[in-house]
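The values are calculated or read from the model by the stated rules, or taken from the named source; none is laboratory data. All of these numbers come straight from a predicted model, not from anything done at the bench. Glycine also receives a Cβ, built like all others from the backbone with ideal geometry; neighbour counts cover every protein chain displayed.
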């Protein structure tokens, strides 16, 4: 249940989709002139409850795909709709429904964790009261209670990753895009991250990139494989041998 | 949204040790320049009183104390603005804004206001130093206000210039050098334009030309328009630059 009420540009709007529509729908995305890897004719749909593992080799286009889906990049052609809002025609409404954690968490090293989460809640359109409520919840959810008063620059990589995840989730987005979320986490933290992803995946749609196959097997109910900028496989995942699926997809 | 971003930007500046050092040096410069010019005024006061239109303390100090400070603000404003975007690019925190429901217009205006308000505190300090003389002698408040408006407009234009160059690169040093070079040229155009007739038109693009009247109590529409247009030009260019970052795919 996303909270989007305070931003004047979003207030009082009803999403133009019914409950059966996909939370995220990308059609024919092409991007050839990006600084990173390109993407060709990429189409993808995410429904509520989908937890999609986006697999691919280094440079396959995973991060570029996620940046296209969150609106940080504009495709040469193709479209992205989030909860029915087009990223091209209604970018603010669409982006308000996305939570994005890049591979390098976008953290201000001179801010305290609680200050930072307040800022990210406010710029995602939550009012003061909602931000305070959600900040408390997300600090609890991401197990940041012990470090909420600390300066971000002094945190370990694992905590920084969790603060990054918290900023992506604070506004209860419909779609959560995570780029290598397990980066820098120790085994115990990875287990916590899996549990968190499983929890939020019940109400939201999640897509996360990784090149760790065991991350996908432990968490996902769907797997998408990208190779040389093309989505070569997109299928439900029911616990089959992923190594074979992956090798077939990139062959 | 603009106020949230402005607050964040202002607080970021105030968290920086460099900014406090610059502000302390600036306050020292104000004090030194003020006392020096006050001493000069006291030494020539008797001679000034013999003129047909004797210049009072405010008129004297406006030209001898406040007008040179405009050059200091021209140098300081880009220093305050240089990190606004280039640091976001370098530290990869810009992804937060790219994926948030924040338009390029809101982001640019928010960051500009954050920087400008901190600079404005310094302008107020410089003016207050002279205004405090009211305790001892009658001050020509309209003239002082005119000088304050001139300093503020000049500072706003220079801050907008610094903000634009900051949006062009991830290297703060390059941003500051480029903006200072442009502003220096703009100052020099006044000297070049006062020479031969074909070059006189260049003086119209000089900061110095349009600033001088404010310190003599002449608030002219064309001078106000020059600084407002210069500010809007650089803010507009910054907005275009931020939009193009989504197209070009790098930050």
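Looking only at the stretch A:3-46, which residues are over 30 Å from residue B:106 (Cβ atoms), more than 12 Å from chain B (Cβ to nearest Cβ), at pLDDT 60 or above and not in a strand (DSSP E or B)?
A:20
Among the candidates B:233, B:143, B:229, single out the residue that is over 28 Å from residue B:111 (Cβ atoms), at pLDDT 85 or above and not in a loop (DSSP other than H, G, I, E, B).
Result: B:143 is the single residue among B:233, B:143, B:229 that is over 28 Å from residue B:111 (Cβ atoms), at pLDDT 85 or above and not in a loop (DSSP other than H, G, I, E, B).
Just a yes or no: is a residue in the stretch B:49-66 closer than 30 Å to residue A:104 by Cα and modelled with pLDDT of 85 or more?
No; the residues of the stretch B:49-66 include none that is closer than 30 Å to residue A:104 by Cα and modelled with pLDDT of 85 or more.
Tell me the residue from A:158, A:149 that is loosely packed, with under 15 Cβ neighbours inside 10 Å, touching a helix residue (DSSP H, G or I) at 6+ places or on another chain (Cβ under 7 Å), within 22 Å of residue A:118 (Cα to Cα) and not assigned by TED's automatic domain parsing to the domain that holds residue A:82, please.
Exactly one residue qualifies, and that residue is A:149.
Kindly provide the set of residues from the stretch B:52-96 that are part of a helix (DSSP H, G or I) and within 14 Å of another protein chain (Cβ to nearest Cβ), ordered by number.
Those that are part of a helix (DSSP H, G or I) and within 14 Å of another protein chain (Cβ to nearest Cβ): B:83, B:84, B:85, B:87, B:88, B:89, B:90, B:94, B:95, B:96.
Please specify each residue of the stretch A:156-180 satisfying the condition of being more than 16 Å from residue A:138 (Cβ to Cβ) and free of Cβ contacts under 8 Å to residues at least 40 places away in the same chain.
Residues satisfying the conditions are A:156, A:157, A:158.
Select, from A:118, A:65, the only residue that is in a helix (DSSP H, G or I), farther than 20 Å from residue A:223 by Cα and more than 7 Å from chain B (Cβ to nearest Cβ).
Only one candidate passes the filter, namely A:118.
Which ones in the stretch B:1-20 are more than 22 Å from residue A:127 (Cβ to Cβ) and within 11 Å of another protein chain (Cβ to nearest Cβ)?
Residues satisfying the conditions are B:12, B:13, B:14, B:15, B:16, B:17.
Please state which of the following conditions residue A:154 fails to meet, knowing it meets all the rest: (1) within 11 Å of chain B (Cβ to nearest Cβ); (2) within 22 Å of residue A:185 (Cα to Cα); (3) modelled with pLDDT of 90 or more.
Status for residue A:154: all satisfied but (1).
When you scan the stretch B:12-31, do you find a residue that is at pLDDT below 85 and under 18 Å from the mean Cα position of the chain (by Cα), even just one?
The answer is no; no qualifying residue exists.
Please go through the stretch A:68-88 and give me each residue that is over 16 Å from the mean Cα position of the chain (by Cα), more than 8 Å from chain B (Cβ to nearest Cβ) and over 15 Å from residue A:23 (Cα atoms), ordered by number.
A:75, A:76, A:77, A:78, A:88
Here are A:166, A:132: which of them is away from every other protein chain (no Cβ under 11 Å) and surrounded by 23 or more Cβ atoms within 10 Å (Cβ to Cβ)?
Of A:166, A:132, the one residue that is away from every other protein chain (no Cβ under 11 Å) and surrounded by 23 or more Cβ atoms within 10 Å (Cβ to Cβ) is A:166.
Rundown of residues vs (1) in contact with a strand residue (DSSP E or B) (Cβ under 8 Å, 6 or more places away or on another chain); (2) part of a helix (DSSP H, G or I); (3) more than 23 Å from residue B:104 (Cβ to Cβ), yes/no style:
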{"residue": "A:69", "(1), (2), (3)": "yes, yes, no"}
{"residue": "A:73", "(1), (2), (3)": "yes, no, no"}
{"residue": "A:78", "(1), (2), (3)": "yes, no, no"}
{"residue": "A:114", "(1), (2), (3)": "no, yes, yes"}
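If I filter the stretch A:47-57 for residues that are touching a helix residue (DSSP H, G or I) at 6+ places or on another chain (Cβ under 9 Å) and not in a strand (DSSP E or B), do I get at least one hit?
Within the stretch A:47-57, one or more residues are touching a helix residue (DSSP H, G or I) at 6+ places or on another chain (Cβ under 9 Å) and not in a strand (DSSP E or B).
Could you figure out which of (1) outside any helix (DSSP H, G or I); (2) over 21 Å from residue B:237 (Cα atoms); (3) within 14 Å of another protein chain (Cβ to nearest Cβ) isn't true of residue B:102?
Unmet for residue B:102, out of (1) outside any helix (DSSP H, G or I); (2) over 21 Å from residue B:237 (Cα atoms); (3) within 14 Å of another protein chain (Cβ to nearest Cβ): (2).
Quick check on the stretch A:89-110. Is at least one of its residues in a helix (DSSP H, G or I), facing chain B (nearest Cβ under 9 Å) and touching a strand residue (DSSP E or B) at 6+ places or on another chain (Cβ under 6 Å)?
Yes: the stretch A:89-110 contains one or more residues that are in a helix (DSSP H, G or I), facing chain B (nearest Cβ under 9 Å) and touching a strand residue (DSSP E or B) at 6+ places or on another chain (Cβ under 6 Å).
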